[in-house]
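Take a look at the structure set out below.
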């Protein structure tokens, strides 16, 4: 029996990681302030039902993160920190948990649909030309018979840039990297179908025109339609891969 390409290894958490999560949750509240002492290793171990060695390993992780300091004679002291340090950055969460391609596509839709709207309401003349140039590059690649994957990604990055929110750009780059394999298969399959390259270009042209006109609602709709179509294609590819693995 062949192994299904959709199966993913189960991510097991080590006990010390669970201790780290609980301590982080405590620090994100109002119970502890910088300079306060946490309970002793023995007290934490007893309360959580784990070994002292597990607690010690967790404290090393927290100390490296700059959240606590292990001081001889004083114990475990809470450091001065920004509350945002306690929460794992979204980029790291995506890299760790972004194994499900369809979940990533849903997430991408939420980011890019809003980015298109913001780009439309914030665009200026310089940005208009930047977006036109990105579309021209995509069109040229497709007309030359290339897949145009890089040009497609650049077109979407330009929209994120025009939105004025640099977080969109960072998150989108991460999503693109995680989706790259599925997108490559989808694009290779769909761009070989008669008429499909022209449909893809039309979708991008509709997005571009709406943004340049400053029509936020239409930009949202155009981006949503485009990403719905992308999701449908990737879903089809995953289904085909799954059936081959049986």
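The values are calculated or read from the model by the stated rules, or taken from the named source; none is laboratory data. Quantities reported herein were computed from a predicted structural model and do not represent experimental measurements. Cβ atoms come from the backbone with ideal geometry, glycine included; neighbour counts cover every protein chain shown.
A single member of 132, 122, 170 is within 21 Å of the chain's Cα centre (by Cα), assigned by TED's automatic domain parsing to the domain that holds residue 209 and farther than 20 Å from residue 230 by Cα, and it is 170.
Which of the residues that make up region 172-195 are surrounded by fewer than 16 Cβ atoms within 10 Å (Cβ to Cβ), modelled with pLDDT of 75 or more and part of a helix (DSSP H, G or I)? Within region 172-195, just 173 meets the criteria. Note on region 27-53: among residues that are modelled with pLDDT under 90 and in a helix (DSSP H, G or I), the one that is nearest to the chain's Cα centre (by Cα) is 28. Selection of region 119-152 for residues being over 15 Å from residue 215 (Cα atoms) and part of a loop (DSSP other than H, G, I, E, B) yields 144, 145, 146, 147, 148. Counting only residues that are touching a helix residue (DSSP H, G or I) at 6+ places or on another chain (Cβ under 8 Å) and in a loop (DSSP other than H, G, I, E, B), which one in region 67-87 is modelled with the highest pLDDT? Looking at residues that are touching a helix residue (DSSP H, G or I) at 6+ places or on another chain (Cβ under 8 Å) and in a loop (DSSP other than H, G, I, E, B), I get 67. Of all residues in region 62-76, those that are exposed (fewer than 12 other Cβ atoms within 10 Å of the Cβ) and over 12 Å from residue 35 (Cβ atoms) total 3.
Scan region 89-97 and give yes if some residue there is at pLDDT 85 or above, surrounded by fewer than 17 Cβ atoms within 10 Å (Cβ to Cβ) and not in a loop (DSSP other than H, G, I, E, B), otherwise no. No, that holds for no residue. Beta carbons closer than 8 Å, at least 6 apart along the sequence or on distinct chains, pair a first residue in region 138-166 that is closer than 20 Å to residue 206 by Cβ with a second that is assigned to a loop (DSSP other than H, G, I, E, B) for 138/148; 141/147; 141/148; 142/148; 142/191; 148/191; 162/123.
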